[in-house]
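Below is one structure, written out as structure tokens; the observations come after it.
Please treat every number below as a calculation from the coordinates, not as lab data. Since the model is a prediction, treat every value here as computed from it, not as a measurement. As a convention, Cβ positions derive from the backbone with ideal geometry for all residues, glycine included, and neighbour counts pool all protein chains shown.
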Amino acid sequence: MRHPIGSAVIELHQGDITAEQVEAIVNAANSRLAGGGGVDGAIHRRGGPAIMAETNAKYPDGCPTGSAVISTAGNLPAKYVIHAVGPVWSGGNRNERELLAGAIRRSLELAVEHGCRSVALPALSCGAYRYPLDQAARVALSTAIGFLREKGQSELVRFVLFDAGAYGAFAAALEELTGKK
Ligand code: AR6
């Protein structure tokens, strides 16, 4: 699924984010940048030790929840990995929405600051961190749409969803937000 926003495009793909041929891929990291399972595990496994070596050296204090930092992509096809730290879902009254939007916005800013014209993001916070998919999809997509409308650059923002359930939730949210079937 594809939706133009000015001269930019938002795309939804189902698949494994580590295989994406884009300039930057976003990792679903934790605030210690310590590695883990899910997207994080797959990125470090396929990207190799260069990624962790760089984040340890550059960001010894980790990255706050709601923000992101950037590193090499090691052996992955992308040029950069952007390590975004989404919130753990704890019912919706702990600023989860703002923190998720912040992590996504900072990721998109870092991509632009590093000259990337294409970036792929996973469904941040929707795995181990248990953010409800439908709500996360609306937050993620409205943040990306808002960013692209403001920045107005020709860019590709691709959400890469691992399974049909996540793809369906993002597709429904994109239709709802853009008023398009
Ligand atoms: N490509 C695309 N999406 C994937 C992939 C993949 N290879 N693998 C899983 N997903 P998660 P979080 C989906 O748990 O919730 C880690 O331990 C998955 O189905 O990766 O932000 C970190 O170290 C789900 O929809 O990230 C942190 O401690 C989505 O990606 C913590 O988990 C996000 O799931 C972060 O948790």
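Some notes on this structure:
- Ranking PHE162, THR178, VAL139 by how far each Cα lies toward the positive end of the dipole of the range 137-181 (charges on Cβ) leaves THR178 at the top.
- Quarter of the Cα convex hull surface for the range 120-159, i.e. its orientation-mean projected area (nm²): 2.8 nm²
- Computed across the chain, the Kirkwood radius stands at 15.9 Å (inverse of mean 1/r, all Cα pairs).
- Sites ALA19 and ASN93, calculated FRET efficiency, Cβ-Cβ separation with R0 35 Å, nearest 0.05: 0.40
- Charge tally in the Cβ shell below 14 Å around GLY115, where Lys, Arg are +1 and Asp, Glu are -1, GLY115 excluded: -1
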